[in-house]
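Comments concern the structure below.
The values are calculated or read from the model by the stated rules, or taken from the named source; none is laboratory data. Note that this is a predicted model, so its numbers are computed, not measured. So basically every Cβ, Gly included, is an ideal-geometry build from the backbone, and we count neighbours across all protein chains shown. For accessibility, only protein heavy atoms count, side chains too; no ligands or nucleic acids. Shrake-Rupley method; radii C 1.70, N 1.55, O 1.52, S 1.80 Å.
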Amino acid sequence: MGSWLLERRLSQNAARLKSLRAELAQIDEQLDVFASDAEDQAIRALVSETPGAAQEANDARKHAAAMARHRQHVVDRIAELERRQDELLDELSARQR
């Protein structure tokens, strides 16, 4: 693979990493809100002891869990791209020797 192609792939990889890191920051903020909402709903369900409140608490907990799964997916993708970036840098370094 030519050096120009390696540099292009590195550039594309860096752009994807930047985008995913920005997305992760947004997810972290949203997850904080969802987790806080789930806690509030759980407390309301305990206090009110109504089926509707329990259902709302359950829904809020499910939203928070879904966001946590999405966060983990993004974290895994970032790790994968970082590994790929290391591989590309190693290959580029070997070519320049």
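Could you please find all residues in the stretch 61-93 being open to solvent by less than 60 Å² (accessible area, probe 1.4 Å) and at pLDDT below 95? Steps first, answer last, please.
Taking the stretch 61-93 first, the residues open to solvent by less than 60 Å² (accessible area, probe 1.4 Å) are 64-68, 74-75, 78-79, 81, 85, 88, 92-93.
The answer is Leu88, Leu92, Ser93.
From Asp90, Asp76, Asp28, which residue is in contact with a helix residue (DSSP H, G or I) (Cβ under 8 Å, 6 or more places away or on another chain) and part of a helix (DSSP H, G or I)? I'd like the intermediate steps shown before the answer.
Numbers: Asp90 fails: in contact with a helix residue (DSSP H, G or I) (Cβ under 8 Å, 6 or more places away or on another chain); Asp76 fails: in contact with a helix residue (DSSP H, G or I) (Cβ under 8 Å, 6 or more places away or on another chain).
After applying the criteria, what remains is Asp28.
Assess whether Gln26 counts as being open to solvent by less than 60 Å² (accessible area, probe 1.4 Å) and not charged (D, E, K, R). Before you say what the answer is, go through the steps one by one.
Details: open to solvent by less than 60 Å² (accessible area, probe 1.4 Å): no; not charged (D, E, K, R): yes.
The answer is no for Gln26.
Does any residue in the stretch 68-92 that is under 20 Å from Phe34 (Cβ atoms) come within less than 8 Å, Cβ to Cβ, of a residue that is open to solvent by less than 80 Å² (accessible area, probe 1.4 Å) and acidic (Asp, Glu) six or more places away or on a different chain, and which pairs are these?
As it stands, the answer is Arg71/Asp28; Val74/Glu23, since those pairs meet every condition given.
Scan the stretch 1-25 for residues that are part of a helix (DSSP H, G or I), farther than 26 Å from Arg69 by Cα and either touching a Cys at 6+ places or on another chain (Cβ under 7 Å) or in contact (Cβ under 8 Å) with a residue 12 or more places away in the chain (or both) and jot them down.
Step one: of the stretch 1-25, the residues part of a helix (DSSP H, G or I) are 3-25.
Those left that are additionally farther than 26 Å from Arg69 by Cα: 3-11.
Within the stretch 1-25, Ser3, Leu6, Glu7, Arg9, Leu10 meet the criteria.
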